[in-house]
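*Asks:* Please find one structure pasted underneath; my questions will follow.
The values are calculated or read from the model by the stated rules, or taken from the named source; none is laboratory data. Quick caveat, the model's predicted, so the values are computed rather than measured. Because the Cβ atoms are built from the backbone with ideal geometry, glycine has one as well, and the counts that use them run over all protein chains shown. All accessible areas refer to the heavy atoms of the entire protein, side chains included, with ligands and DNA or RNA removed. Shrake-Rupley method; radii C 1.70, N 1.55, O 1.52, S 1.80 Å.
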Amino acid sequence: MKIKNLKLTFWGAVFWIIVVLGIYSTILRFTKGLGAATNLSDKFPWGLWIGFDVLCGVGLAAGGFVIAAAVYIFNLEEYKSILPSAILTAFLGYLLVIVALIYDLGKPWNIWHPIIMWNPESVMFEVAWCVMLYTTVLALEFSPMLFQKLRLEKPQKIIKSLTIPLVVAGVILSTLHQSSLGSLYLIVPEKLHPIWYSSNLPYLFFLSAVAVGPAMVTIESYLSSRAFRREIEIHILSRLAKVTAVALMVYFVLKVEDIVNYKLFPYIFSLRYESLMFWLEFAVGVIVPIALLTNSKIRKSKKGLFVAQLITVLGFILNRLNVSITGLESYTQAGYFPKWTEISVTLFIVALGFAAFRLIAKHLPVFPPEVEERKTITEGFEVISMREVFKEQI
Amino acid sequence: MVALFVLATILICITVDYLVQKAQKKREAYQPQVVLSTENFVIPRGFFFSKVHTWLELLFSGRVYVGVDDFVSKVIGKVDAIEVLPVGERVRKGEPIFKIKQGNRSLAFPSPVNGKIISVNPNVLESPETILKDPYLNGWIIMIEPEDVASEVKNLLIGNEASRWLRNEIKRFKEFISREAPKFSPVPEPTLADGGVVVKGVLQNVDEKTWEKFEKEFIQQL
């Protein structure tokens, strides 16, 4: 038996520090309330937890439905090998969004209310149901990996027979959910800065999610190839990058249409904080990724693709935070900046996501077997000494 | 400010990670590893070898990974580029499937089996020196789906048979270099060190004719 290496790595140490601080902040949040643990107020009730943990978390989990739709609806079988890891990322992403919601809700014990207290006219109602249903769909899509590990063949067959309905349900629910998060901000036209307010918000949110899904799958593949010493599926990922590029191009057209229709020129060309943030978001999240990902040389290079997709993800995060925080700052004048305990909870949730992915990918069949079995050749080799072969003098 | 703060935090994490990875790579480079040893030729016991110095790893799926053996990686010296046939191409045994380039010259490796190219290792195309540092693990070059695995493996070598063959090949190479050395080098030192040990990367110093002879005698024997 192998002796486990207990040496603490740099990121291992950082993880445990984040966990300790996160546990302290969690205790503070649930014993002393939101007032003690956050800088949120009645003026500014949604901060980092909603802006980053929920809005970005849901968007970054979009890889699951994009890849599932590609494989089962568009019949692009070549993406099948990356589907399990995309599903796992999405499943963990949604679970962590729920965890973040529990932190953010003033009365988290009422989180189940939308199940029986229906208010179909509310966007929040739609969001709540989409989260519940899509997390259930993701759990079912993820379950074959668990059944395979436990060698439970019957449940595995049942889930397999349900694959197509599950994927269709997942795609519908994701589409509804990604767009309804944008719809949420349609109810605050007087509060949200004109640069970001648009009746196209649901479409913009959906399109940016479609673009960032493949980007997140690429980053996840890159990081797991490093962590598990497996080959990265560059030929698949470089083709997938085209999805990001096309979705961003459509996004670009819609956003330009918004700028023209809503006559945003005076806002975007003024030297204000909002306009600078808009240009940063637009450059990092749309223009630069389109320029990089339409270049086939960059798409085919492992590092080039990783950097391009990382920029896409950063731009996406900027967009969600601009809509949920930057765009509301000038109206509310609340001067919101998260308290350190809020930041530590966010880091805690992200760290738990990384740890859970690592643990599950290590023990369940998340990656294709051809790559897995190569790990076994670290022993069983013979060494021929050069000196033994060439011992005689020339 | 929150958006900028989040962005800055992520960028700092990426920078720190880059530095940590760099430091780790440096540390790993100093750790002695048998597979990376420069003093010995390594033969994995579970790998098949073809007589043209390519290895094959038979996978669960029946497909094979193909790369060049430790002998080639030790004698060739530097590698500037690797050219590979495209994915999806059907290959016949004995036809060239990939080329290892060193400056203007190259070694064309014949396919050890009949089949179809399923995948190409992008890492070796991007950093060709991987085949020198780690020929058997990360240095695989292509994945082939053989037409008939059963008949193909009969012509390949494995275990003791492979190690006997490689010993013989190394001896043959030593004779080859002793024979050819005076033609491209007035003194034997650049190629043969004390005790008759072949200097690593000896082919880097040979002239075009010797290179071609090597290709003919060792790589294109099928």
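*Asks:* If we scan the stretch A:167-177, do we find a residue that is of a type in the set (S, T, N, Q) and in contact with an Asp or Glu (Cβ under 9 Å, 6 or more places away or on another chain)?
*Replies:* no
*Asks:* On the given criteria, is residue A:6 open to solvent by less than 70 Å² (accessible area, probe 1.4 Å) and either farther than 19 Å from residue A:223 by Cβ or modelled with pLDDT of 90 or more (or both)?
*Replies:* Numbers: open to solvent by less than 70 Å² (accessible area, probe 1.4 Å): no; either farther than 19 Å from residue A:223 by Cβ or modelled with pLDDT of 90 or more (or both): yes.
Taking the combined requirement at face value, the residue does not satisfy it.
*Asks:* Look at the stretch B:72-89 and say how many of its residues are surrounded by 22 or more Cβ atoms within 10 Å (Cβ to Cβ), more than 20 Å from residue B:120 (Cβ to Cβ) and not aliphatic (A, V, I, L, M).
*Replies:* 1
*Asks:* Taking the conditions exactly as written (surrounded by 15 or more Cβ atoms within 10 Å (Cβ to Cβ), touching a strand residue (DSSP E or B) at 6+ places or on another chain (Cβ under 7 Å) and modelled with pLDDT of 60 or more), does residue A:384 satisfy them or not?
*Replies:* Working: surrounded by 15 or more Cβ atoms within 10 Å (Cβ to Cβ): yes; touching a strand residue (DSSP E or B) at 6+ places or on another chain (Cβ under 7 Å): yes; modelled with pLDDT of 60 or more: yes.
Taking the combined requirement at face value, the residue satisfies it.
*Asks:* Out of (1) within 12 Å of the chain's Cα centre (by Cα); (2) at pLDDT 90 or above, the odd one out for residue B:92 is which?
*Replies:* If we test residue B:92 against (1) within 12 Å of the chain's Cα centre (by Cα); (2) at pLDDT 90 or above, just (1) comes out false.
*Asks:* For the stretch A:215-255: of the residues being under 17 Å from the mean Cα position of the chain (by Cα) and without any contact (Cβ under 8 Å) to a residue 60 or more places away in the chain, which is least open to solvent (accessible area, probe 1.4 Å)?
*Replies:* Restricting to residues being under 17 Å from the mean Cα position of the chain (by Cα) and without any contact (Cβ under 8 Å) to a residue 60 or more places away in the chain, the top hit is A:247.
*Asks:* Can I ask one more? Among the residues in the stretch A:46-53, are any under 21 Å from residue A:142 (Cβ atoms) and part of a helix (DSSP H, G or I)?
*Replies:* Scanning the stretch A:46-53 turns up at least one residue that is under 21 Å from residue A:142 (Cβ atoms) and part of a helix (DSSP H, G or I).
*Asks:* May I pose another question? Kindly indicate whether residue A:89 is surrounded by 16 or more Cβ atoms within 10 Å (Cβ to Cβ), farther than 30 Å from residue A:44 by Cα and either touching a Leu at 6+ places or on another chain (Cβ under 6 Å) or not hydrophobic (A, V, I, L, M, F, W, C) (or both).
*Replies:* For residue A:89, the condition - surrounded by 16 or more Cβ atoms within 10 Å (Cβ to Cβ), farther than 30 Å from residue A:44 by Cα and either touching a Leu at 6+ places or on another chain (Cβ under 6 Å) or not hydrophobic (A, V, I, L, M, F, W, C) (or both) - is met.
*Asks:* Can you find, within the stretch A:300-341, the residue that is nearest to residue A:21 (Cα to Cα) among those that are open to solvent by 10 Å² or more (accessible area, probe 1.4 Å), among the small types (Gly, Ala, Ser) and part of a helix (DSSP H, G or I)?
*Replies:* This residue is A:330.
*Asks:* While we're on this one: Would a scan of the stretch A:214-233 turn up a residue that is among the aromatic types (Phe, Trp, Tyr), more than 24 Å from residue A:10 (Cβ to Cβ) and part of a helix (DSSP H, G or I)? It would help to see each step written out before you state the result.
*Replies:* In the first step, residues of the stretch A:214-233 are kept if they are among the aromatic types (Phe, Trp, Tyr); the result is A:222, A:228.
Applying the additional criterion that residues be more than 24 Å from residue A:10 (Cβ to Cβ) yields none.
No; the residues of the stretch A:214-233 include none that is among the aromatic types (Phe, Trp, Tyr), more than 24 Å from residue A:10 (Cβ to Cβ) and part of a helix (DSSP H, G or I).
*Asks:* So how many residues does the stretch B:141-162 have that are touching a residue at least 12 places away in the same chain (Cβ under 8 Å) and open to solvent by 10 Å² or more (accessible area, probe 1.4 Å)?
*Replies:* Taking the stretch B:141-162 first, the residues touching a residue at least 12 places away in the same chain (Cβ under 8 Å) are B:141-149, B:152-153, B:155-159, B:162.
Okay, now just the ones that are also open to solvent by 10 Å² or more (accessible area, probe 1.4 Å), so B:143, B:145-149, B:152-153, B:155-159.
So the answer is 13.
*Asks:* Related question: Restricting to the stretch A:256-278, what's the tally of residues that are at pLDDT below 90, open to solvent by 90 Å² or more (accessible area, probe 1.4 Å) and of a type in the set (A, V, I, L, M)?
*Replies:* Total meeting the criteria: 1.
Here is a yes/no grid of residues against (1) of a type in the set (A, V, I, L, M); (2) touching a strand residue (DSSP E or B) at 6+ places or on another chain (Cβ under 7 Å); (3) not in a loop (DSSP other than H, G, I, E, B):
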site	(1), (2), (3)
A:166	yes, no, yes
A:169	yes, no, yes
A:172	yes, no, yes
A:175	no, no, yes
A:181	yes, no, yes
A:184	yes, no, yes
A:191	no, no, no
A:194	no, no, no
A:197	no, no, no
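*Asks:* Here's something else I'd like to know. Could you grab me the full set of residues in the stretch B:77-100 that are part of a loop (DSSP other than H, G, I, E, B), among the aliphatic types (A, V, I, L, M) and farther than 10 Å from residue B:128 by Cβ?
*Replies:* Result: B:85, B:87.
*Asks:* Within the stretch A:302-324, count every residue that is touching a residue at least 24 places away in the same chain (Cβ under 8 Å) and either at the interface with chain B (Cβ under 9 Å from one of its Cβ atoms) or over 17 Å from residue B:14 (Cβ atoms) (or both).
*Replies:* Of the residues in the stretch A:302-324, 12 are touching a residue at least 24 places away in the same chain (Cβ under 8 Å) and either at the interface with chain B (Cβ under 9 Å from one of its Cβ atoms) or over 17 Å from residue B:14 (Cβ atoms) (or both).
*Asks:* Looking at this structure, is residue A:17 touching a helix residue (DSSP H, G or I) at 6+ places or on another chain (Cβ under 8 Å) and either open to solvent by 30 Å² or more (accessible area, probe 1.4 Å) or modelled with pLDDT under 85 (or both)?
*Replies:* Details: touching a helix residue (DSSP H, G or I) at 6+ places or on another chain (Cβ under 8 Å): no; either open to solvent by 30 Å² or more (accessible area, probe 1.4 Å) or modelled with pLDDT under 85 (or both): yes.
In short, no.
*Asks:* I've got another one for you. Just to check your reading of the model, which residue among A:100, A:36, A:90, A:13 is small (Gly, Ala, Ser), out of contact with any Phe, Trp or Tyr (no Cβ under 6 Å at 6 or more places or on another chain) and closer than 30 Å to residue A:240 by Cβ?
*Replies:* A:90
*Asks:* If you take the residues of the stretch B:43-66 that are small (Gly, Ala, Ser) and open to solvent by 10 Å² or more (accessible area, probe 1.4 Å), which of them is farthest from residue B:153 (Cα to Cα)?
*Replies:* Restricting to residues being small (Gly, Ala, Ser) and open to solvent by 10 Å² or more (accessible area, probe 1.4 Å), the top hit is B:61.
*Asks:* Which of the residues that make up the stretch A:285-299 are open to solvent by 10 Å² or more (accessible area, probe 1.4 Å) and under 23 Å from residue B:123 (Cβ atoms)?
*Replies:* A:292, A:295, A:296, A:297, A:298, A:299 - these are the residues of the stretch A:285-299 that are open to solvent by 10 Å² or more (accessible area, probe 1.4 Å) and under 23 Å from residue B:123 (Cβ atoms).
*Asks:* Determine if the stretch A:73-91 includes at least one residue that is within 20 Å of residue A:184 (Cα to Cα), touching an Asp or Glu at 6+ places or on another chain (Cβ under 8 Å) and aromatic (Phe, Trp, Tyr).
*Replies:* No - not one qualifying residue is present in the stretch A:73-91.
*Asks:* Every residue in the stretch A:97-126 that is open to solvent by less than 50 Å² (accessible area, probe 1.4 Å), more than 30 Å from residue A:24 (Cβ to Cβ) and in a helix (DSSP H, G or I), please.
*Replies:* The answer is A:114, A:123, A:125.
*Asks:* Can you find, within the stretch B:101-119, the residue that is nearest to the other protein chains (Cβ to nearest Cβ) among those that are farther than 27 Å from residue B:210 by Cα and in a strand (DSSP E or B)?
*Replies:* B:119
*Asks:* Is it fair to say residue B:126 is within 11 Å of another protein chain (Cβ to nearest Cβ), modelled with pLDDT of 85 or more and under 17 Å from the mean Cα position of the chain (by Cα)?
*Replies:* Yes.
*Asks:* Report, ordered by the first and then the second residue, all pairs with beta carbons closer than 8 Å, sequence separation of six or more or different chains, a first member in the stretch B:59-81 that is on the phi > 0 side of the Ramachandran plot and more than 10 Å from chain A (Cβ to nearest Cβ), and a second member that is open to solvent by less than 40 Å² (accessible area, probe 1.4 Å) and among the small types (Gly, Ala, Ser).
*Replies:* Qualifying pairs under 8 Å: B:77/B:201.
*Asks:* Is at least one residue of the stretch B:187-208 under 20 Å from the mean Cα position of the chain (by Cα), more than 11 Å from chain A (Cβ to nearest Cβ), buried (at least 18 other Cβ atoms within 10 Å of the Cβ) and at pLDDT 80 or above?
*Replies:* The answer is yes; a qualifying residue exists.
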